[in-house]
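Notes follow the structure.
The values are calculated or read from the model by the stated rules, or taken from the named source; none is laboratory data. Everything numeric in this text was worked out from a predicted model, so none of it was measured. So basically every Cβ, Gly included, is an ideal-geometry build from the backbone, and we count neighbours across all protein chains shown.
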Amino acid sequence: MSQDDIEASKAPLIEHLIELRSRLVKALIAIAIAFVACFVVADIIFNILLVPYEQAVGEVADLELIYTAPQEYFFTQMKLALFGALFLAFPVIAVQIYMFVAPGLYRHERRAFLPYLVATPILFAIGTALVYFVVMPLAMTFFLSLEQQGDGVATIKLVARVSEYLGLIMTLIFAFGLVFQLPVALTLLARAGLATADGLAGKRKYAILLTFVAAAVLTPPDPVSQIGLAIPTLLLYEISIYSVRLVERKRADEEAKREAGEAV
């Protein structure tokens, strides 16, 4: 490559870096605005996240949470605001990613990319709903069942800290939201030619093992959370195999049409 070619290549690189900076700034502004909005109503959001705990307890009047350091609840609200900001700002972040990547894609590639961009937050929301309405109430019921009442023995009662409860439910939401992206990830790998339906089906036994290992790592050490994550993950794996098979059929049909057109 000549010196002129090197100098000519600098301009597109600088333009890409400027474009990337612009997209990042817009995404960060969206996160900052959402953070402020969520921090203002952080107590309301926290009370909403307490609903699974309330369902497990049965009586809201019997529910009590504590914080053991002066700054603990403040930092809990900060974490909650950041959590809500990332969730609310995701559409803006996704659009900025698409706007940065789209100019380098062909028209048919942009059309193929859009459904995955839409499916990502939908699948994350489904995972969040599963945590909120099913897994978390069951997990809190399990934890509360370990309490010990008086009657000649020491009373052992769960009095949760606000930071630990928020950490628990956020961990579960992110774990389930991440796992629910499995069909998107595997289908994209199939489009790139890096995964096949037969290959995924042949590795099913390894997938089952890795699923339970991941569930043990990503969730608290209780059977309810781990099984609650493992079973949907295995179902999503089977859905992914079906989705990859559809991609392969579509690719085969397109190749057959192309070959038929060339033959004519």
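Of the residues Gly228, Gly193, Gly199, Gly152, which is buried (at least 18 other Cβ atoms within 10 Å of the Cβ) and of a type outside the set (Lys, Arg)? Even if it seems obvious, please write down each step before you answer.
Working: Gly193 fails: buried (at least 18 other Cβ atoms within 10 Å of the Cβ); Gly199 fails: buried (at least 18 other Cβ atoms within 10 Å of the Cβ); Gly152 fails: buried (at least 18 other Cβ atoms within 10 Å of the Cβ).
When all the criteria are applied, what remains is Gly228.
Of all residues in segment 65-123, which are hydroxyl-bearing (Ser, Thr, Tyr) and closer than 23 Å to Thr187 by Cβ?
Residues of segment 65-123 that are hydroxyl-bearing (Ser, Thr, Tyr), as a first pass: 67-68, 73, 76, 98, 106, 116, 120.
Tyr98, Tyr106, Tyr116, Thr120 - these are the residues of segment 65-123 that are hydroxyl-bearing (Ser, Thr, Tyr) and closer than 23 Å to Thr187 by Cβ.
Screening segment 46-59 for residues that are within 17 Å of Leu168 (Cβ to Cβ) and without any contact (Cβ under 8 Å) to a residue 12 or more places away in the chain and picking the one that is surrounded by the most Cβ atoms within 10 Å (Cβ to Cβ) gives Glu54.
To keep it simple, each residue is scored yes or no on (1) at pLDDT below 90; (2) over 19 Å from Thr171 (Cα atoms); (3) assigned to a helix (DSSP H, G or I); (4) of a type in the set (Gly, Ala, Ser).
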residue	(1), (2), (3), (4)
Leu13	yes, yes, yes, no
Arg21	no, yes, yes, no
Ile44	no, yes, yes, no
Lys79	no, no, yes, no
Ile97	yes, yes, yes, no
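Residues of segment 11-32 include none that is surrounded by fewer than 17 Cβ atoms within 10 Å (Cβ to Cβ), within 30 Å of Ala160 (Cα to Cα), among the hydrophobic types (A, V, I, L, M, F, W, C) and without any contact (Cβ under 8 Å) to a residue 12 or more places away in the chain. Contact map, segment 207-219: first residue free of Cβ contacts under 8 Å to residues at least 40 places away in the same chain, second residue aromatic (Phe, Trp, Tyr) and buried (at least 17 other Cβ atoms within 10 Å of the Cβ), Cβ cut-off under 8 Å, separation 6 or more or different chains; pairs are Ala207/Tyr237; Thr211/Tyr237.
Going through (1) within 24 Å of Val162 (Cα to Cα); (2) surrounded by 13 or more Cβ atoms within 10 Å (Cβ to Cβ) one by one, Asp43 falls short only on (2).
For the residues Val134, Val159, the requirement of being surrounded by fewer than 13 Cβ atoms within 10 Å (Cβ to Cβ) and either under 19 Å from Ser225 (Cβ atoms) or among the β-branched types (Val, Ile, Thr) (or both) singles out Val159. Every test in (1) within 30 Å of Leu146 (Cα to Cα); (2) assigned to a helix (DSSP H, G or I) is passed by Pro221 save one, and that test is (2).
Of the candidates Leu88, Leu146, the single residue that is surrounded by 15 or more Cβ atoms within 10 Å (Cβ to Cβ) and either within 30 Å of Gln55 (Cα to Cα) or without any contact (Cβ under 8 Å) to a residue 24 or more places away in the chain (or both) is Leu88. Taking the criterion of being more than 25 Å from Thr233 (Cβ to Cβ) and in contact with a helix residue (DSSP H, G or I) (Cβ under 8 Å, 6 or more places away or on another chain), the residues of segment 135-193 that qualify are Leu144, Leu158, Ala160, Arg161, Val162, Ser163. Within segment 139-166, track down each residue that is among the charged types (D, E, K, R) and more than 19 Å from Tyr67 (Cβ to Cβ). Within segment 139-166, Glu147, Asp151 meet the criteria.
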